[in-house]
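Since the structure comes first, as structure tokens, the remarks are kept for the end.
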Amino acid sequence: MLSIVACPKPFVPPFDVIQGRAIRSWKALGPDVQVILAGDEKGIAEAAREFGVDHVPEIARTPEGGLLFGDLVERCLTISRHELIAYVNADILLLPNILTAACAVPFPRFLMAGYRLDLPENPRHIDLDKDLATQLRVPGAVAELKLTTGCDYFVFTRETWRDVPRLVIGRAGIENGLIHKALLDGIPVVDSTLAVTAVHQFHNYSHLAGGRGVAFEGPDAQANLASCGPVRAHPRDAMLVLIGGEIVRAPWRGDWFRRFFVLRPWLQRSKAAYGVFRALHWALKRTRISCLRDPSPARALAAQLGSGER
């Protein structure tokens, strides 16, 4: 059914516990889910053996040490057992509704992505080592969650990427670059925020020598962001929305004016045109004509859990 691919951080505290929880949640999705861990960081090979999952050790890197998404896809396709593939950050807990959502998309080529739900550093109402789906139905748990603009999973098919973009995993801008590439290539982009429960566990950036700054402002992050121009694509730019197990076409949803610029990179190269865009975009957002109002965590979670029950 689905192959989940991840590039874990080194399996040292606190990432050994965080990533172990995430892998267990993926394994719990059922026997039709294949898990592939990629990379040669400390402890990955041992974790793959412990959890009984596949391992791809060699992934091409940038001079700064970042793993390249294109090489990851090419290598993992050779051992993937399924047509559907999900790249998931190794700190993300998943529920079975990702399977329902992935199977609901009818296109031979597509990119499905959605925003995640963030947990605080020390959640009071959620025990991460117990059944997550049951706990997320408790009102106190919902109050601890925050719907963010973080996008930590991407589902696609073997046929989606005919020209895999050169993007760096684990750095700012990878989600913008992938969605931008899909939109420009005419690949259907599906916003699955209201269909897939992806829960992000709090962590620091101690695995990087330069800390958080390297992930968001370093050379690899800058290269990612440069690949998609000054107007960056997001899941809310998708004209297809997945909710209740069905694809809904919504060409006028959300930030349609910004999407107009995303699909016309030649306009972005003009400083005058970009200046006009910024001014009009600000005015439209003030009138709420163009701005998508993000759902609350409670509404998003209710929609996600409802989709999973269908």
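Among H203, H234, H55, the residue with the largest mean-square fluctuation in a Gaussian network model of the chain, with springs joining Cα atoms closer than 10 Å, is H203.
When a/c reaches 1.5 or more, the comparison of a/b and b/c decides; with that in mind, is the stretch 140-220 rounded, prolate or oblate per its Cα gyration tensor?
Judged from the Cα gyration tensor, the stretch 140-220 comes out oblate (a/c at least 1.5, b/c at or above a/b).
Stretching L77 away from F107 to a fully extended chain increases their span by 8.9 nm, per 0.36 nm per residue minus the current alpha-carbon distance. Simple rule: put +1 on each Lys or Arg Cβ and -1 on each Asp or Glu Cβ in the chain, find the dipole, and look at V231, Q201, A221; the Cα lying farthest toward the positive end is V231. Pairwise inverse Cα distances across the stretch 65-200, averaged and inverted, put the Kirkwood hydrodynamic radius at 16.0 Å.
Each of P96, Q135, P188 was scored by the projection of its Cα onto the charge dipole of the stretch 80-227, and the greatest displacement toward the positive side belongs to P188; charges sit on the C-beta of Lys, Arg, Asp and Glu. Relative to the current alpha-carbon distance between V138 and V17, full extension at 0.36 nm per residue lengthens the span by 41.1 nm. In the chain, the sites counted are GluC sites (Glu not before Pro) in DSSP loop states with at most 11 other Cβ atoms within 10 Å, and the longest stretch holding none of them, exclusive of the sites, is 122-308.
What percent does the relative contact order of the chain come to when contacts are Cα pairs within less than 8 Å and at least six residues apart?
The value is 19 percent.
With the convex hull of its Cα atoms as the shape, the chain has an orientation-averaged projected area of 15.5 nm². Averaging Cα coordinates gives a centre for the stretch 131-210 and one for the stretch 3-71; these two points are 16 Å apart.
The overall shape of the stretch 4-61, judged from the alpha-carbon gyration tensor, is oblate: a/c is not under 1.5, and a/b is no greater than b/c. The calculated P(r) of the stretch 4-118, using every Cα pair and 5 Å bins from 0, goes 2, 10, 22, 24, 21, 14, 5, 1, 0 in percent. If you bin all the Cα-Cα distances of the stretch 130-179 at 5 Å, starting from zero, the percentages per bin are 4, 14, 19, 16, 12, 11, 14, 8, 3, 0. Using 0.36 nm per residue and subtracting the Cα-Cα separation, the extra length available between F202 and L128 on full extension is 25.5 nm. Here K146 is the anchor, and the lysines within straight C-alpha reach of less than 26 Å, apart from those fewer than 8 places off in the same chain, are K9, K27, K130, K285. Computed from backbone phi, the HN-Hα couplings of the stretch 87-99 come to 8, 10, 4, 6, 10, 9, 8, 10, 10, x, 5, 5, 6 Hz, rounded to whole numbers (Karplus: 6.51 cos²θ - 1.76 cosθ + 1.60, θ = phi - 60°; Gly and Pro given as x).
Bear in mind these aren't lab numbers, they're just calculated from the coordinates by the rules spelled out. What you see is a predicted model, and the numbers here were worked out from it, not measured in a lab. Positions of Cβ are generated from backbone atoms using ideal geometry, with glycine treated the same way; all protein chains shown enter the neighbour counts.
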